[in-house]
Amino acid sequence: MAVNVSSTAAGRSGTATARTGSPRTERLAGLWFVLPFLALFAAFMIWPVVSGLWQSFFNVSLAGGEASFLGLDNWTEMIGDAAVWDSLWNTVAFTLMSTPPLVAIALVMALLANRSGWFGWLLRFAYFAPFVLPVAVVTLIWVWMYQPGFGLVNAFLTGIGLPEVGWLNDESVAMLSVVITTTWWTVGFNFLLYLAALQGIPQHLYEAAAVDGASPRQRLWRVTLPMLRRTTGLIVVLQLVASLKIFDQIYLMLDGGPNNSTRPIIQYIYETGFTSYRIGYASAISYMFFAVIILISVAQFRLFSGRKEESQ
Amino acid sequence: MGTHGRARHPSPLSRRAFLAGSAATGLALAGCGAPDVAAGRARVRQWNLFGGGDGARLVQMHEQFQDEHPRTALQAYTFAWGAPFYTKLAMSAAGGRAPEVATLHLSRLRGFSPTTLLDPFPRNMLTEAGITEEKFLPDVWRRCLVDGDLYAVPLDTHPFVTYYNTEICAEAGLLDADGRLAPFSGVDGLVDALRAVREVTGQFGASVETTNPWRLWYSLYRQLDGEFFDESGTELILDDDKAVQVLTLMRDLADEGLLPRFADYPACVAMFSNGQAGLSFNGEWEVTTYTTAELPFSMAPFPDVYGSIRTAGDSHTFVLPHQRDRSTEDTRATVEYIAWMLEHSVDWAAGGHIPAYQPVATSDEYLALTPQSEYREVADDVQFDPQAWFSGSGSQMQSEAAAAFAGVTSGDLPPEQAVAQFRAAVLKLLDTPSPV
């Protein structure tokens with residue numbers, strides 16, 4: 001297969017001047033190639049997006065029945081609905097709490113695994129292994145570890161003379177518990193990206209730095225980290241988006257509790273639309289959340305394009 | 001790529017032939033997934049939410065049914081309990097392509113929008129199959145009717161009960177001469193019993209699910225004669241004093257260490273299994289778990305704390321989810337299946353549920369089941385959830401109660417504040433225009 005592709009590419013570049021077909025037929029042929037994708041994209045992406053926006057102006061119910069036009073009622077209800085803003089804040093709080101450790105710990109792990117010699121394979125395996133577990137397994141393990149009384153974590157804490165922590169039932173700690181679990185589970189992916197980037201740094205830079213008398217610490221700060229800047233940018237973007245999507249772990253570990261203190265916005269949308277059948281109202285909340293994500297993405301895009309100009 | 005590209009790079013298998021071939025393979029594979037419905041065989045697709053011991057028992061019953069009814073193709077599917085199941089069922093029915101029959105908690109019937117998401121039972125078919133009103137408890141049957149049409153056929157009643165570890169309770173001196181839990185009553189009776197058990201376990205008196213204490217709270221609140229909605233079902237007449245009284249008792253018991261401060265559902269079961277608690281207040285459906293674990297235990301009604309044996313509970317029913325083109329043949333087979341399940345519900349009762357079908361509930365075979373028939377007398381006193389579109393098992397209102405009440409046993413929220421929060425949440429739900 002790979003051979004086929006490269007030979008096609010070579011053939012194409014060699015015969016670029018010998019083409020007989022007009023640009024127009026070429027373009028038409030291209031259209032036919034993207035048409036299957038476009039049809040699926042329209043049916044499963046564009047149409048739902050448009051119809052979701054449409055539904056946010058109606059009292060559409062999952063239970064069926066005639067939906068009537070509400071104007072902006074869903075939207076004004078949303079503005080006055082404290083549960084929307086509380087759960088949106090929970091999502092943002094999770095993102096703010098989870099992104100720094102997921103980036104920083106991944107970097108430290110990658111630096112360690114990159115330096116270590118013969119047991120590097122063990123570190124790579126150990127750091128990445130949790131990532132392949134399904135979320136249901138991860139949460140099951142951690143819920144048992146967090147149990148008061150007989151859970152592994154609290155048993156350890158009391159064993160060394162510290163008081164128990166209400167990992168799952170204390171409102172001020174529950175979100176931290178989810179962040180710890182998520183970090184353990186998904187840090188391996190960022191670790192892998194960093195490791196690949198580290199291995200892509202040319203060795204001669206380090207050699208030159210060493211010749212110039214740079215200490216290991218200076219090599220880290222002046223060579224390694226600047227060379228990882230683009231990767232860090234990528235990881236931060238991917239991590240922010242992934243963290244904003246938080247739902248699974250919180251739903252499975254805490255069901256949004258205790259007292260809704262960890263309920264993320266996606267869970268509230270799910271509860272409103274599917275448990276309470278209010279698809280119209282749930283659509284309005286989804287669009288508000290969509291707007292928040294767009295704002296964050298645009299802000300990031302600005303930051304990044306700014307940084308690129310700076311480096312030029 | 002123009003047409004010339006292909007001529008210049010001949011490959012053993014042309015692209016077009018390859019694509020055609022894989023499309024055909026895809027279609028053939030999709031064909032394999034289609035159910036094998038031989039001509040003339042009625043099809044009964046059944047959706048349920050039974051896991052654990054109930055799930056295993058249901059599979060056994062279905063195998064037996066299939067053996068005895070070769071002309072019916074029964075296909076049963078089990079989904080995760082609660083909201084995940086109900087959302088899928090609602091969506092399939094909203095699209096009119098639902099399974100022939102599904103299980104539904106009776107407390108959710110009104111909230112499930114029966115007139116749009118369910119099809120009423122054809123009464124003549126039920127009568128032919130022997131499913132008639134006088135074979136059920138009047139209150140349960142009445143709840144299956146909506147505007148005079150029958151939308152559900154009850155399979156069982158499942159109350160909130162007391163499990164007791166016979167060895168621990170014997171040591172605590174709580175058993176009578178027959179080795180049964182001697183009934184205790186009143187707040188003092190409850191506290192004394194819990195203290196006696198804790199003397200033996202050294203940890204807790206009873207285990208309860210504190211993360212979702214709705215069943216415990218509602219049992220006690222109803223024992224106090226607490227009301228919830230008015231006659232019309234549109235106004236909240238929650239008695240704050242009684243609600244606070246119950247929560248205060250729960251908090252005091254947890255403060256004294258007689259109940260756990262924090263236990264989610266698995267922990268509630270685990271605490272009883274491993275002897276950290278000698279009693280457990282829970283639904284009767286864990287009987288299989290404890291029997292399998294060979295735990296020395298038995299069961300009794302939920303105690304009379306405030307002057308009655310009322311206890312929270314619900315009923316599993318069969319419903320016909322809405323199908324755009326419901327076939328008479330399949331419906332007939334479905335009714336036959338339901339009738340068979342009711343007649344064999346003593347097998348189902350082994351999982352702890354009290355049969356709703358009275359010929360079975362009064363049969364010697366059922367009475368011989370222990371501990372499953374030890375609490376059968378409460379069937380008449382079972383308190384169903386208040387009726388609204390947002391109430392019932394696994395509903396929004398139960399989550400709101402869980403959110404507000406879970407903080408009481410943990411000591412984070414005073415009972416008065418918990419009740420105020422719950423009241424506000426229910427009022428908000430009442431204010432929301434009903435989507436059903």
Report summary line: Among beta bridges assigned by DSSP with both residues in the protein assembly as shown, the antiparallel ones amount in percent, to the nearest 5, to 65
Query raised in the report: If the chain between B:Glu133 and B:Ile237 were fully stretched, how many nm would it gain, using 0.36 nm times the residue separation less the Cα-Cα distance?
Result: 34.2 nm
Report summary line: As a Kirkwood estimate from alpha-carbon pairs, chain B has a hydrodynamic radius in angstrom of 23.8
Query raised in the report: Roughly how many percent of the accessible protein surface of chain B is carbon and sulfur, given a 1.4 Å probe and a whole-percent answer?
Result: 52
Query raised in the report: In a GNM of chain B with a 10 Å cut-off on Cα contacts, which of B:Arg123, B:Arg45, B:Arg57 has the highest mean-square fluctuation?
Result: B:Arg123
Report summary line: Nearest 10, in degrees from 0 to 90: the angle of helix B:240-255 to the longest Cα principal axis of chain B is 80
Report summary line: What the Cα atoms of the range A:140-197 span along the principal axes, largest first and in whole Å, is 43, 24, 19
Requested in this report: Report the relative contact order of the range A:74-311, percent, no decimals, based on alpha-carbon pairs under 8 angstrom and at least 6 residues apart.
Outcome: 31
Query raised in the report: Under a 1.4 Å probe, what is the accessible area of the range A:74-311 per residue, stated in Å²?
Result: 51
Report task. Quick one: among A:Thr272, A:Thr76, A:Thr183, which has the greatest mean-square fluctuation in a GNM of chain A with alpha-carbon springs under 10 angstrom? Result -> A:Thr76
Query - Peptide A:275-285 - average C-beta neighbours from other chains (10 Å radius) - result: 4
Query raised in the report: If ligands, DNA and RNA are left out, what is the accessible area of B:Ser273 with a 1.4 Å probe, given in Å² to the nearest 10?
Result: 40
Report summary line: From most to least accessible, 1.4 Å probe, no ligand or DNA/RNA atoms counted, A:Ile79, B:Ile309 line up as A:Ile79, B:Ile309
Requested in this report: Mind checking which of B:Cys169, B:Trp217, B:His316 is farthest towards the positive end of chain B's charge dipole, using Cβ charges of +1 (Lys, Arg) and -1 (Asp, Glu) about the Cα centre?
Outcome: B:His316
Report task. Starting from the amide H of B:Leu150, placed 1.01 Å from N in the peptide plane, find each other amide H under 5 Å away whose residue is 5 or more places distant or on another chain. Result -> B:Phe121
Report summary line: Losing no less than 40 Å² of accessible area (probe 1.4 Å) relative to the isolated chain, the residues of the range A:56-101 are A:Leu62, A:Ala63
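Nearest 100 Å² is fine: what is the total accessible surface buried where chains B and A meet, probe 1.4 Å?
The B and A chains share an interface burying roughly 2800 Å².
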Query raised in the report: Using Cα atoms only, what is the angle between the long axis of helix B:52-68 and the major principal axis of chain B, expressed in degrees (0 to 90) to the nearest 10?
Result: 50
Query raised in the report: Each residue of the range A:214-228 in turn: what ³J(HN,Hα) in whole Hz from Karplus with 6.51, -1.76, 1.60 and θ = phi - 60°, glycine and Pro shown as x?
Result: 6, 6, x, 4, 5, 4, 5, 7, 9, 10, 5, 4, x, 5, 8
Report task. Among DSSP beta bridges whose residues both lie in chain B, state the antiparallel percentage, nearest 5. Result -> 65
Query raised in the report: Once both labels are modelled 7 Å past Cα along the beta-carbon direction, what's the A:Ala39-B:Ala424 spacing in nm?
Result: 5.4
**Report entry** Computed accessible area, B:Ile168, all protein chains, 1.4 angstrom probe, square angstrom
**Finding:** 20
Query raised in the report: With all protein chains present and a 1.4 Å probe, how do B:Tyr306, B:Tyr86, B:Tyr77 order by accessible area, largest first?
Result: B:Tyr77, B:Tyr306, B:Tyr86
Requested in this report: Treating the Cα atoms of the range B:106-233 as identical point scatterers in vacuum, please give the log10 of the normalised Debye intensity I(q)/I(0) at q = 0.14, 0.19 Å⁻¹, two decimals.
Outcome: -0.84, -1.10
Requested in this report: Take chain A, connect every pair of alpha-carbon atoms lying under 10 Å apart with a spring to form a Gaussian network, then pick out the residue of A:Val108, A:Val211, A:Val60 with the largest mean-square fluctuation.
Outcome: A:Val211
Query - ³J(HN,Hα) computed for each position of the range B:316-328 - Karplus, 6.51 cos²θ - 1.76 cosθ + 1.60, integer Hz, glycine/proline x - result: 7, 10, 9, 10, 9, x, 5, 10, 5, 10, 7, 8, 4
Query - Formal net charge of residues neighbouring B:Thr288 (Cβ-Cβ distance under 13 Å; K, R +1; D, E -1) - result: -4
**Report entry** Computed over chain B: relative contact order in percent, which uses C-alpha pairs under 8 Å that are six or more apart
**Finding:** 25
Requested in this report: Please tell me the relative contact order of the range A:216-280 in percent, rounded to the nearest whole number, where contacts are Cα pairs under 8 Å and at least six residues apart.
Outcome: 18
**Report entry** Amide H contacts of B:Ala356 (H built 1.01 Å from N, under 5 Å, at least 5 apart or other chain)
**Finding:** B:Asp156, B:Thr157
Requested in this report: Rounded, prolate or oblate: pick one for the range A:74-311, where a ≥ b ≥ c are the square roots of the eigenvalues of its C-alpha gyration tensor, a/c under 1.5 means rounded, and failing that, prolate if a/b is larger than b/c, else oblate.
Outcome: oblate
Report task. If a/c stays under 1.5 just call it rounded; otherwise compare a/b with b/c (prolate if a/b is bigger, oblate if not). Do that for the range B:192-277, with a ≥ b ≥ c from the square roots of the Cα gyration tensor eigenvalues. Result -> prolate
Report task. Taking the Cα atoms of the range B:269-396, report the difference between the largest and smallest coordinate on each principal axis, in whole Å and largest first. Result -> 54, 36, 29
**Report entry** Point-charge dipole on Cβ atoms (K/R +1, D/E -1) for chain B, about Cα centre, debye to 20
**Finding:** 2940
Report task. For the range A:74-311, build the charge dipole from Cβ charges (+1 Lys, Arg; -1 Asp, Glu) around the Cα centre, then report which of A:Ile279, A:Leu122, A:Leu244 sits farthest towards its positive end. Result -> A:Leu122
**Report entry** Distance between the range B:150-223 and the range B:261-283 - C-alpha centres, whole angstrom
**Finding:** 11
Requested in this report: Heavy atoms only, probe 1.4 angstrom, no DNA, RNA or ligands counted: give me A:His204, B:His322 ranked by accessible area, highest first.
Outcome: A:His204, B:His322
Report task. Quantify how strongly other chains surround peptide A:253-260 by giving the mean number of their Cβ atoms within 10 Å of each of its Cβ atoms. Result -> 6
Query raised in the report: Is any helix in chain A, taking whole DSSP H runs, at least 24 angstrom long along its axis by alpha carbon and on average at least -0.5 on the Kyte-Doolittle scale, and which ones?
Result: A:23-41, A:82-115, A:174-199, A:279-311
Query raised in the report: At a probe radius of 1.4 Å, what is the per-residue accessible area of B:Lys88, in Å² to the nearest 10?
Result: 90
Report task. Identify the residues of the range A:165-186 with backbone N under 20 Å of a label point that sits 7 angstrom from the Cα of A:Leu112 along the Cα-to-Cβ direction, or state none. Result -> A:179-186
Report summary line: Residue by residue through the range B:357-370, the couplings from Karplus 6.51 cos²θ - 1.76 cosθ + 1.60 with θ = phi - 60°, in Hz, x for Gly and Pro, are 7, 4, x, 7, 4, 9, 6, 4, 4, 5, 4, 6, 6, 10
Report summary line: Bounding extents of the protein assembly as shown in its principal axis frame from Cα atoms, largest first in Å, are 97, 71, 53
**Report entry** Cβ-Cβ FRET estimate between A:Gln300 and A:Trp121, R0 fixed at 35 Å, reported to 0.05
**Finding:** 0.50
Requested in this report: Search the structure for amide H atoms under 5 Å from the amide H of B:Ser207, placed 1.01 Å from N in the peptide plane, and list their residues when 5 or more places away or on another chain.
Outcome: B:Leu279, B:Ser280, B:Phe281
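The values are calculated or read from the model by the stated rules, or taken from the named source; none is laboratory data. From a predicted model like this one, the values you see are computed outputs, not experimental measurements. Note: ideal-geometry Cβ built from the backbone for every residue, glycine included; neighbour counts use all protein chains shown. For the accessible areas, the whole protein counts, side chains as well, though only heavy atoms, and no ligand, DNA or RNA atoms are used. Shrake-Rupley method; radii C 1.70, N 1.55, O 1.52, S 1.80 Å.
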